[in-house]
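First comes the structure, then the notes that go with it.
The values are calculated or read from the model by the stated rules, or taken from the named source; none is laboratory data. Bear in mind that the values here come from a model prediction, so they are computed numbers and not experimental data. Please note: Cβ atoms are built from the backbone with ideal geometry, for glycine as well, and neighbour counts cover all protein chains shown. Protein only, heavy atoms only, side chains kept; ligands, DNA and RNA dropped before computing areas. Shrake-Rupley method; radii C 1.70, N 1.55, O 1.52, S 1.80 Å.
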Amino acid sequence: EMIKSKSIRHAGVPVSDVRKARRFYGDILGFEEIERPNIKGIPGIWYEVDGTQVHIIGQRNKMAGKDIPGIGPHIAVQVEDLEEAKRVLKKRRVKFQEFAPPPEMELPPVIFVRDPDGNVVELRTEA
């Protein structure tokens with residue numbers, strides 16, 4: 001039994017300087033900047049390239065050091081059903097961390113898992 005993954009939604013890229021990142025990803029690579037929710041306290045930029053997003057995440061933020069996997073490097077996978085994903089993870093004995101962002105972040109709940117090498121994968125059902 002496995003999780004029904006639909007697509008790679010985004011890659012999260014931590015940066016030290018959002019302004020320099022904008023010059024690189026926007027002005028040099030030509031990524032299209034898209035609207036980003038008002039994520040209070042975390043600077044950043046969202047880009048989209050052919051349906052896949054890249055989320056630039058400024059590391060000078062109020063969440064730094066709080067062990068929230070989504071502010072470091074990660075890939076986000078769109079899944080069909082988040083509850084089913086939890087059930088499969090439990091059955092397969094894969095540890096996961098549920099994250100319900102605080103209301104001011106205006107983001108839906110997600111699940112974070114780590115691959116065998118500790119890389120973070122975010123599972124989500126909404127944009």
Distribution of pairwise C-alpha distances over the chain, 5 Å bins, in %: 2, 10, 19, 24, 19, 14, 7, 3, 1, 0
Gain in span if fully extended, Glu80 to Glu1, counting 0.36 nm per residue against the direct Cα distance: 27.0 nm
Between Ala76, Ala11, Ala100, which gets the highest mean-square fluctuation from a Gaussian network model of the chain, Cα cutoff 10 Å? Ala100
Could you work out the helix-only [θ] at 222 nm for the chain, with each DSSP H run of four or more residues adding -39,500 (n - 2.57) and the total divided by the number of residues, to the nearest 500 deg cm²/dmol? -3000 deg cm²/dmol
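With every protein chain kept in place and ligands, DNA and RNA left out, what is the accessible area per residue of region 1-100? Probe 1.4 Å, answer in Å².
That works out to 63 Å² for each residue.
First select every other residue whose beta carbon is under 12 angstrom from the beta carbon of Val49; then total the charges, Lys and Arg +1, Asp and Glu -1.
-4
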In nm, spacing of pseudo-spin labels at Glu48 and Val121 (7 Å Cα→C-beta vector): 2.5
Rounded to the nearest 5, what % of the DSSP beta bridges within the chain are antiparallel ones? 70
With the crude spin-label approximation of a point 7 Å out along Cα→Cβ, what separation in nm comes out for Glu35 versus Lys90? 3.6
Any idea what the dipole of region 1-123 comes to, in debye rounded to 20, about its Cα centre with Lys/Arg Cβ at +1 and Asp/Glu Cβ at -1? 500
Cα-Cα P(r), region 78-127, percent of pairs per 10 Å interval: 24, 54, 20, 2
Net charge near Phe24, counting Lys/Arg +1 and Asp/Glu -1 over other residues with Cβ under 14 Å of its Cβ? +1
Based on the alpha-carbon set only, what is the convex hull volume of region 2-57 divided per residue, in Å³? 104
